[in-house]
Amino acid sequence: MIEPGRSIVGGAGVLLTRVLYRKRTGDKEFVVVDGAMNDLIRPVLYGAYHQILPLRQNEGPKTRVDVVGPVCETGDFLARDRDIPAVLPGDLLAVCSAGAYGFVQASNYNARPRAAEVLVEGDAWRVVRPRETYEDLVRGEI
C-alpha cells in the first residue's frame, strides 16, 4: 500500500528555520533555531528523521549537534546527534520532507503563531497562508 498524497507532498515541502545561537553544555553542543516542536512535531512524537541542510555553503568540518527550538521543553528538538556543517546565528536551515507534516500537524503550543506557508513555482513564489498573529491566537477567547 502507498499513500500517494503523502509520498508526493511530503518531499515537496521544507520548513525554513533561522539559527538563533549555539550553546555548549558539557560534551553536548546545541544549535538553537526559531523553529520548534509546535512547527514540526514528528521528530519528538515518534522519532521521525528529517534531513537538515544549511542554506549557506560551508566547506568546513561537520559538528555533531542537537538542533533544538526555543520552547524550553525537553522534547523541543528537530534533530539529535546530527552531523551538520558549522552554522552561525542568522543562518537559515532547511528541514526537508516537511510538506505533508508541517502546517497540518502544527499547533499554537506555548502561544506560538503557526508559520506562514509559501508556494514556490519555478522561479516565482507567493505566500498562500500568512503567519498567524497574536490577534489570531486570541480571536476565539471571550
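Quick rundown of the values:
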read-out: Verdict on SER7 being assigned to a loop (DSSP other than H, G, I, E, B) and among the hydroxyl-bearing types (Ser, Thr, Tyr); value: no
read-out: Residues of region 1-29 satisfying the condition of being more than 20 Å from the chain's Cα centre (by Cα) and of a type outside the set (S, T, N, Q); value: MET1, ILE2, GLU3, PRO4, GLY5, ARG24, GLY26, ASP27, LYS28
read-out: Residues (open to solvent by less than 90 Å² (accessible area, probe 1.4 Å) and assigned to a strand (DSSP E or B)) located in region 119-142; value: LEU119, ALA124, VAL127, VAL128
read-out: Answer from ALA86, ALA79 - the residue that is of a type in the set (Gly, Ala, Ser), over 11 Å from the mean Cα position of the chain (by Cα) and over 19 Å from ARG114 (Cβ atoms); value: ALA86
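The values are calculated or read from the model by the stated rules, or taken from the named source; none is laboratory data. Computed from a predicted structure; not experimentally measured. Note that we place each Cβ from the backbone using ideal geometry, even for glycine, and neighbour counts take in every protein chain shown. These area figures cover heavy atoms from the full protein model, side chains too; ligands, DNA and RNA do not enter into them. Shrake-Rupley method; radii C 1.70, N 1.55, O 1.52, S 1.80 Å.
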